[in-house]
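For reference, the structure discussed in these notes is given below.
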Amino acid sequence: MKEAAAIMDNIVAKLEALSADTRHGDTQRFRHAKNVYDSEDLLDVRSATRRFVLTPTGGRELVGFLGQEGEMTSVIQSFDLSVAYAQGKNALELFKRVVEDVDQIGRELMKTSNFDNATTGLERRTVSSYSLELNEAGSTAILTIPIECRYTPAYT
């Protein structure tokens, strides 16, 4: 059942191919931080702006499950996408970049044409909320976007 791993690869690939509408911290690109295991670790990354990490949350729900082994059922798996932003002197500019990026990321990830159904089994991907953790001025803010993915594993 490699679908969940394929979904994670798909999210990373779609974000790395995305260019933000507005430059922030001299970049419009989102870059996956491969050596980062936790959103807090993004605070220590050099040139952290728009670097991101995708982590499983442990949130997993079976849809239509009746308790029989081998029964075809969908799964809703939750992931957290955490994106770093430099906190400059202008808070409003940071907030504008964040809301723009949330809209753009949500649209990109919820487009069914970006699901790669053949390898992911993805039926629905929902991006509906976010949170923003602010730190000291001149530091790094962390945007966290929960992503719910509904898919059907192969069950072979």
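Rule-based calculations on the coordinates, nothing more; no lab input. Remember, predicted model here, so these are calculated numbers, not experimental data. Neighbour counts run over all protein chains shown; Cβ positions are idealised from the backbone, glycine included.
Observations on the structure shown:
- Relative to the longest principal axis of the Cα atoms of the chain, the long axis of helix 91-110 lies at roughly 20 degrees.
- Put simply, the Cα atoms of the chain extend 57, 27, 25 Å along their principal axes, the longest span coming first.
- Spatial separation of Cα centroids for region 18-53 and region 70-132, in angstrom: 14 Å
- The label-point distance for Thr27 and Glu100, in a model that sets each label 7 Å from Cα toward Cβ, rounds to 1.6 nm.
- Counting only lysines at least 8 places from Lys2 when in the same chain, those with an alpha carbon closer than 27 Å to its own are Lys14, Lys34, Lys111.
- Rounded tilt (10° steps) of 3-16 against the dominant C-alpha axis of the chain: 30 degrees
- Rounded to 5, percent antiparallel among DSSP beta bridges of the chain: 95 percent
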